[in-house]
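This report refers to the structure that appears directly beneath it.
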Amino acid sequence: MNPITVVLPYSLEPYFERTLNQFIASPLVEKIFLLHNGGAEINSSACEGIKVASPASGSALNALVKKLSTPFFLFVTQSEQIELSRLALERFVSVAEQTGAGMVYSDYYEVKHEQRFDHPVNDYQVGSIRDNFDFGAMMLFNARAVRKTLKRYGTVAKVERAGVYDLRLKLSIDYELFHIQEYLYTKVESDVRKSGEKLFDYVDPRNQQVQKEMEAVATQHLKNIGAYLKPKFNKLPKFDVKFPVEASVIIPVRNRERTVADAVKSALSQKTDFSCNVIVVDNHSTDGTTAVLSELAGKNSAVKHIVPSRHDLGIGGCWNEAVLSEHCGKYAVQLDSDDMYNREDTLQKVIDLFHGGNYAMIIGSYQLVDSELKEIPPGLIDHKEWTPDNGRNNALRINGLGAPRAFHTALLRHVGVPNVSYGEDYAVALRLSREYQIGRIYESLYLCRRWEGNTDAALPIDKVNRNDWYKDKIRTIEILARQKLNRNKKLPRHS
C-alpha cells in the first residue's frame, strides 16, 4: 500500500485538474478524497468525492479519519494552483518518518503578479496557538498520531470552520509539528493584498461566527494544557507614589513630521476634570519632527518633549523613558504618532473607567481611516471578542487587543515594557491580564490612520515572519507562566 491519502478541496477553476493530476501520478499516493459541496465531477478511480459543508468542519475531518487506511494523509488547505517540487512528497514522508512528528509542513514558493517569490514559514512553538499561523497550503499528518490524539483529547470539535485548527492544537500537545525548511512546492497566490491590508481580517464583523468557533477551540486547548485562567482577578497593589498629574498621554515618535503635530494637538484638545500632560519621546528623529515638537513644547507647558540619551530604544524603550520620567501621571494613555483621538472626552472616559473599577489596564476601540481621515473598511475595531469572562484566554489566540491602551503607571513601572518596536503593547497586556482585570470601552475613541508610512503597511515576508515569531514567543512565555501559576495553585499548603 502507498503511504499517502490526499485530501483536496474540489474546485471548478481551470488549474484544478493540473493540481489533481500531480497527486494521481505520484507513486506515493494511494487515495485522493475530494471535498466538495455538491456537483463535483470525478473522473478518476483514484479519487472519491466527499460532500461537506466546509472542508475545515469537524464533521468532515472526523469522517475522513475513519476512512483512512494509509500511514499519512496530506491535507491541502487551500483551493489554489499548486505545483509540487521534484520528490516533494517523498521528502514529506521521509521527514515525517524520521522525526515521528504528528504533522510536517514546509516552506514554499509563491507566484504573485506572475513573479515567483520565496515564502519561508516559521517553526512551531508552544505559543503558536494563533489561528492564522501560516503552515502553507499542505500539511502532512501522521494518521496514527491523529488517532491517538483524538482518542485522548476527544474527536475534532463540532465546528464549521475551525476543525483543522482544533486538530492541530490537540496534536501539538503530545507531538511535534515539524517545519521542513525547504521549498517543496509552488503556490499561485490569490490573496495579493499587502501585509497591512490583511491585519484586520479577523475583526471584520462578517467573520464573527468563525471567531467564536476559534475562541471555543483555543479555550479548550488552554484547558487541555493547564494554561486556562478562570475569571478571578487580583486586587491592584497599593503604591506609595506621588504623581505630578492624574494622566499623561504618551507619544513615542521617530520621523513623523507629517503626522505628529496632529497627534499632539488632539491630545491637547482633551476636555478633562483632572490634570494631564502630553509626553512625547522623540527617538532621535532625522526629519523635521524634532523642530515641530520643540515649537509645540515652547507654546504649551503641558507638552513634555523628551529626547532620550540612549540610542538603543525601540517603541517599548521609549515608553519606559516616558513612564519612568518625573513628568508621568498616575495613568499613562497611549497615542501613536500617526493617530488621533476622535473626540474631546476620550481621556475623560478612559480615566473615569479607571476610577470606577479595579483595572490594571484599559483598552478602547478605534476606527480605521486613511491619511485624509476618511473611514476605510472594516471601520470600527472594537475587539468585542474580549469578554470579561474569557478575554485574557482569548487574547492568546489573536494578534492585537485594540486602542487606545492605558495603564496604571506604578504597575507598568513594575512590569516594564519590552524594548522592541512590534508587539510591546501586546506583551504588556498579556502579562497584566495574567493577574489583573483589563477594562474595555467598546465606543470609538480613536482614529487609526492607515497610510504608506505605517510601519506594517507593506512588509516583506521575512519581516512578517520575524514579527509573528516574536508574538508567538511572547505567547510561549505567557503560556508557560500560566501553567506554572496553575501548578502552584494546586500545591498543598504547609502549616
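Observations, loosely collected:
- Sparse packing (at most 16 other Cβ atoms within 10 Å of the Cβ) combined with a DSSP loop state is found for the following chymotrypsin sites (Phe, Trp or Tyr not before Pro) in the stretch 1-108: Tyr15.
- To the nearest ten degrees, helix 163-174 and the longest principal axis of the Cα atoms of the chain are 90 degrees apart.
- For Ser59, neighbours were defined as the other residues whose beta-carbon sits under 14 Å from its Cβ, and their charges (Lys and Arg +1, Asp and Glu -1) total +2.
- Across Lys31/Lys463; Lys170/Lys230; Lys112/Lys471; Lys170/Lys489, pairs whose alpha-carbon gap is larger than 29 Å: Lys31/Lys463
- Our helix-only sum for the chain, with -39,500 (n - 2.57) per DSSP H run of n ≥ 4 divided by its residues, gives a mean residue ellipticity at 222 nm of -10500 deg cm²/dmol.
- Accessible heavy-atom area order of Glu321, Glu326, Glu97, highest first, probe of 1.4 Å: Glu326, Glu97, Glu321
- Think of the chain as a dipole: +1 on every Lys or Arg Cβ, -1 on every Asp or Glu Cβ, centred on the Cα centre; then among Ile479, Val121, Gly38, Ile479 lies furthest on the positive end.
- Helix 346-356 axis versus longest C-alpha principal axis of the chain: approximately 90°, rounded to the nearest ten.
- Accessible area per residue in Å² at 1.4 Å probe, computed on the stretch 235-368: 44
- 28 Å Cα-Cα reach of Lys374 towards lysines, excluding residues that sit fewer than 8 places from it in its own chain: Lys194, Lys198, Lys265, Lys271, Lys349, Lys384
- Near-label residues of the stretch 249-273 by backbone N, under 17 Å of a point 7 Å along Cα→Cβ of Asp287: 252-265
- Of the accessible area of the chain, computed with a 1.4 Å probe over protein heavy atoms only, carbon and sulfur atoms account for 48 percent.
- In the complete set of protein chains, residue-level accessible area for Thr387 is approximately 50 Å², probe 1.4 angstrom.
- Rounded to the nearest 10 degrees, the inclination of helix 88-99 to the longest alpha-carbon principal axis of the chain is 70 degrees.
- DSSP-defined antiparallel bridges as percent of all bridges, the chain, nearest 5: 35
- Extension gain for the segment Asn2 to Leu87, taken as residue separation times 0.36 nm less the Cα-Cα distance, is 29.1 nm to one decimal.
- Cβ crowding within 10 Å averaged over residues, with 310-318, 156-164 ranked highest first: 156-164, 310-318
- Dipole magnitude for the stretch 368-412: computed about the Cα centre from +1 point charges on Lys and Arg Cβ and -1 point charges on Asp and Glu Cβ, it is near 240 debye.
The values are calculated or read from the model by the stated rules, or taken from the named source; none is laboratory data. Predicted, not measured: the structure shown is a model, and the values here were computed from it. Quick reminder, even Gly has a Cβ in these numbers, built from the backbone with ideal geometry, and neighbours come from all protein chains shown. What goes into the accessible areas is simple: the full protein's heavy atoms, side chains included, and nothing from ligands, DNA or RNA. Shrake-Rupley method; radii C 1.70, N 1.55, O 1.52, S 1.80 Å.
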